[in-house]
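Enquirer: Sharing a structure with you now.
The values are calculated or read from the model by the stated rules, or taken from the named source; none is laboratory data. Quick caveat, the model's predicted, so the values are computed rather than measured. A quick note on method: Cβ atoms are made from the backbone with ideal geometry, for glycine too, and the neighbour counts reach across all protein chains shown.
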Amino acid sequence: MPPELSINIEDNKLKIHYSHGRYGYWEYIFKYLESDFKLIGYESSENHGPKVLNQSKIDFLKKEKTLFENTNKDSQAEEEIFEVISYDIKINDLIRLSKIKNFENLDMTKY
């Protein structure tokens with residue numbers, strides 16, 4: 001099943017959001033800087049139905065990645081308990097939207 005694409009402008013940011021229903025989502029967040037839209041953030045969530053298994057957030061301006069890992073993945077458990085891990089990432093230049101040929105080729109796991 002292909003993901004649903006939605007494009008929104010919110011708080012002066014361009015958000016390109018891919019939703020995969022109950023399985024999660026991923027979203028690219030761009031801001032208009034220096035005559036181009038530049039990738040300033042990325043968020044993703046892996047779900048099992050309504051239960052969030054893990055999430056990741058990358059702030060390219062702060063050069064920081066935060067991972068949220070649900071330590072209570074039992075499908076019968078109601079409460080989600082997250083272990084949060086943050087670390088610095090290395091990036092020299094922000095990715096320009098005008099240079100992206102295909103979003104499928106953007107590898108956010110390298111950050």
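Enquirer: Could you look through the range 53-89, keep only residues that are at pLDDT 95 or above and part of a loop (DSSP other than H, G, I, E, B), and pick out the one that is nearest to the chain's Cα centre (by Cα)?
Expert: Phe60
Enquirer: Separate question: I'd like the full set of residues that are hydroxyl-bearing (Ser, Thr, Tyr) and either part of a strand (DSSP E or B) or over 16 Å from the mean Cα position of the chain (by Cα) (or both), limited to the range 90-111.
Expert: Passing the criteria: only Ser98.
Enquirer: Going through Phe60, Phe68 one at a time, which residue ends up being farther than 18 Å from Lys110 by Cβ and aromatic (Phe, Trp, Tyr)?
Expert: The match here is Phe68.
To keep it simple, each residue is scored yes or no on (1) over 18 Å from Pro3 (Cβ atoms); (2) surrounded by 14 or more Cβ atoms within 10 Å (Cβ to Cβ); (3) without any contact (Cβ under 8 Å) to a residue 12 or more places away in the chain.
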| residue | (1), (2), (3) |
| --- | --- |
| Tyr18 | no, yes, no |
| Leu33 | yes, no, no |
| Phe60 | yes, yes, no |
| Lys90 | yes, no, no |
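Enquirer: Within the range 45-64, track down each residue that is in contact with a helix residue (DSSP H, G or I) (Cβ under 7 Å, 6 or more places away or on another chain) and either polar (S, T, N, Q) or farther than 28 Å from Glu79 by Cα (or both).
Expert: Asn47
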